[in-house]
1. Counting other Cβ atoms within 10 Å, which GluC sites (Glu not before Pro) in the stretch 95-158 have at most 11 and lie in a DSSP loop?
2. Treating the beta-carbon of each Lys and Arg as +1 and of each Asp and Glu as -1, no other charges, what is the dipole magnitude of the chain about its Cα centre, to the nearest 20 debye?
3. Once all Cα-Cα distances of the stretch 109-150 are split into 10 Å bins that start at 0, what whole-number percent is in each one?
4. Ranked highest first by average number of other Cβ atoms within 10 Å, how do 157-170, 214-227, 65-78 line up?
5. When the accessible area of the chain is computed with all protein chains present and a 1.4 Å probe, what percentage of it is carbon and sulfur?
6. Which residues in the stretch 71-97 have a backbone N closer than 13 Å to a point placed 7 Å from the Cα of Gln122 along the Cα-to-Cβ line?
7. Multiply the residue gap between Arg234 and Gln93 by 0.36 nm, knock off their C-alpha separation, and tell me the result in nm, one decimal place.
8. How would you order 198-208, 96-106 from highest to lowest mean count of nearby Cβ atoms within 10 Å?
Amino acid sequence: MNHPGVPAAPVFQARGITKVYLMGEVRVEALRGVDLILYSGELAVLLGASGSGKSTLLNILGGLDSPTAGQIIFDGLDLTRLDERGLTAFRRQTVGFVFQFYNLIPSLTARENVAIVTEIAQDAMTPEAALELVGLSRRMDHFPAQLSGGEQQRVAIARAVAKRPRVLLCDEPTGALDSSTGVVVLEVLERINRDLGAATVVITHNAVIADMADRVIQFGDGRILAERTNPVRRSPRDLSW
């Protein structure tokens, strides 16, 4: 499941996670008792249709949202017992987020967009080192409008990994990109997973992407439906959709 030499240590343990939204008199169950373990250094793909609850689970794992019931343990820390200040500290120091839309600040260069994170994180990389990691050394002083969609997403990844997160959570990171550009972004995520050793979760509705994972978690209707371990991780450059 993990890379050679990486111990299979649990990083996240989610137990009985439920999430209920009340919309007027309608009760919507987004998550229905999810049990999940994520391991140090692994690349896991959470695969499921839009609306299946994947993003809700990712937001709860990352401390952006709280479950209605259940428990989440991160490296011995019970996230469900943290107050908002504790969750903010957890997000700031531990988790890198990559979303489908890049959320870059248009008036800042690539370097400045990454510096927003490096200035508040402990033990952060320099913005230059983070951008070099994603192959954008020559584009550091360009503004988002001067970058392609794939380049903007790589800036967003550099921003997410500059804090050296122990966990990298990616929500449809190729959803706004064509296949060839998406492959470049997936190669960057794979390299970061390998080089930084961050437990990496990629959520997607695209079954092709599952082939690059150590483990594939099939999600549907707010539940984990099935899991499988890939005997071999395929390179993103061997994927197309």
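1. Details: sites: Glu112, Glu119, Glu128, Glu132, Glu151; in loops: Glu119.
Qualifying residues, ordered by number: Glu119.
2. 180 debye
3. Binned Cα distances yield the sequence 32, 54, 14, 0.
4. So the order, starting with the most tightly packed, is 157-170, 214-227, 65-78.
5. Whole-percent figure for carbon plus sulfur exposure: 50.
6. 89-95
7. Extra length from Arg234 to Gln93 when fully extended: 47.7 nm.
8. 198-208, 96-106
The values are calculated or read from the model by the stated rules, or taken from the named source; none is laboratory data. These numbers come from a predicted model, not from an experiment. Virtual Cβ from ideal backbone geometry, glycine too; neighbours counted across all protein chains shown. Surface areas here come from the heavy atoms of the whole protein model, side chains and all, with no ligands, DNA or RNA. Shrake-Rupley method; radii C 1.70, N 1.55, O 1.52, S 1.80 Å.
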